[in-house]
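Report on the following structure.
The values are calculated or read from the model by the stated rules, or taken from the named source; none is laboratory data. Because the structure is a prediction, the values reported are computed rather than measured. Glycine also receives a Cβ, built like all others from the backbone with ideal geometry; neighbour counts cover every protein chain displayed.
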Amino acid sequence: MKQKVIAIVGAKKVGKTTTTENLIAELTNRGHKVAAIKHISEPDWTIDTPGKDTYRFAQKGAKTIIAIAATEITTIEKIRTEKISLNELMKKAKGHDIILTEGLKREVAKKTSIPKIVVVTTREEAENALKTYRPIFAFSGPYNTQNMNCEIPYVNAQKEPEKLAALIEKKIIKT
C-alpha cells in the first residue's frame, strides 16, 4: 500500500496537537501503522539535551547521532532544516501506511496531493483556510463550519475522533 499523507493545519493554540493525538490513537486502534511528523516553530528548540552524551557528540562534530535505548531508537541529524523537503521527511517514515503531519503550513498549503484537516476556532479562521489550503479534506476544532454552506465536512476530532478516522478510511486510505 502506498503511503497516505494527511496534514493537520491551523493557527496556534487551536487544537492541532489534540486532533493529531486523537487521530493517531483511533487509526492505530483500527490497525493502521501511523507515523507523525511534527513541525516545531521555536527557532532555538532542540531535540537533544545540553550536557547529555548525544549533545556532547554533536558539539564535537558528529553530524548524525543514533541513540539506542531499551524501547526506542532516535536519530539526531545536525543539519539546517529550512532546505529539507517534505518528500525527504516522508521518506523517514517509510514502512507506515499513513503519515500525519502537524504544522508545516507553508510546505503543504497548496500541495494538492496532500489533503488537509484544518482545525479552527472561528469563522474567520475557516474563511482564511478556504483561501489558503488546497484541498481541504475536513474542518475540525471548536468552531463548527457546517453553517458556512461549504461542501467540506466538519468533524470535531477532539470529541469524536472515530468519525474523522472513519472518513479518512473511507475517502483516503481505501483509495
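Considering only strands (runs of 3 or more DSSP E) fully contained in region 34-96, which possess at least 3 residues that are hydrophobic (A, V, I, L, M, F, W, C) and within 17 Å of the chain's Cα centre (by Cα)?
34-38
Any residue in region 96-109 that is surrounded by 11 or more Cβ atoms within 10 Å (Cβ to Cβ) and either among the aromatic types (Phe, Trp, Tyr) or farther than 30 Å from Thr145 by Cα (or both)?
Yes: one or more hits.
State yes or no: is Leu27 touching a strand residue (DSSP E or B) at 6+ places or on another chain (Cβ under 6 Å), free of Cβ contacts under 8 Å to residues at least 60 places away in the same chain and under 19 Å from Gln3 (Cα atoms)?
No.
Rundown of residues vs (1) without any contact (Cβ under 8 Å) to a residue 40 or more places away in the chain; (2) outside any helix (DSSP H, G or I), yes/no style:
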position	(1), (2)
Ile114	no, yes
Ala126	yes, no
Leu130	yes, no
Ala138	yes, yes
Asn147	yes, no
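For region 149-159, enumerate the residues that are crowded, with 16+ Cβ neighbours inside 10 Å, part of a loop (DSSP other than H, G, I, E, B) and not β-branched (Val, Ile, Thr).
Scanning region 149-159 gives Pro153, Asn156, Ala157, Gln158.
Among residues belonging to region 53-90 that are at pLDDT 90 or above and of a type in the set (Lys, Arg), point out the one that is surrounded by the most Cβ atoms within 10 Å (Cβ to Cβ).
Arg56
Any chance you could count how many residues in region 1-23 are crowded, with 19+ Cβ neighbours inside 10 Å, β-branched (Val, Ile, Thr) and outside any loop (DSSP other than H, G, I, E, B)?
6
Report, by residue number, each residue of region 121-159 that is touching a strand residue (DSSP E or B) at 6+ places or on another chain (Cβ under 9 Å), β-branched (Val, Ile, Thr) and farther than 20 Å from Val108 by Cα.
Thr121, Thr145, Val155
So which residues in region 133-159 are at pLDDT below 95, closer than 26 Å to Gln3 by Cβ and polar (S, T, N, Q), if there are any at all?
Gln158
Does Gly15 fit the bill of being at pLDDT 90 or above and under 20 Å from the mean Cα position of the chain (by Cα)?
For Gly15, the condition - at pLDDT 90 or above and under 20 Å from the mean Cα position of the chain (by Cα) - is met.
For Glu162, only one of the following conditions fails: (1) touching a strand residue (DSSP E or B) at 6+ places or on another chain (Cβ under 9 Å); (2) surrounded by 13 or more Cβ atoms within 10 Å (Cβ to Cβ); (3) within 28 Å of Lys2 (Cα to Cα). What is its number?
The one condition Glu162 does not meet is (1).
Hey, among Ala70, Ala126, which residue is aliphatic (A, V, I, L, M) and under 24 Å from Asn22 (Cβ atoms)?
Of Ala70, Ala126, the one residue that is aliphatic (A, V, I, L, M) and under 24 Å from Asn22 (Cβ atoms) is Ala126.
Which count do you get for residues in region 97-106 that are of a type in the set (Lys, Arg) and over 11 Å from the mean Cα position of the chain (by Cα)?
1
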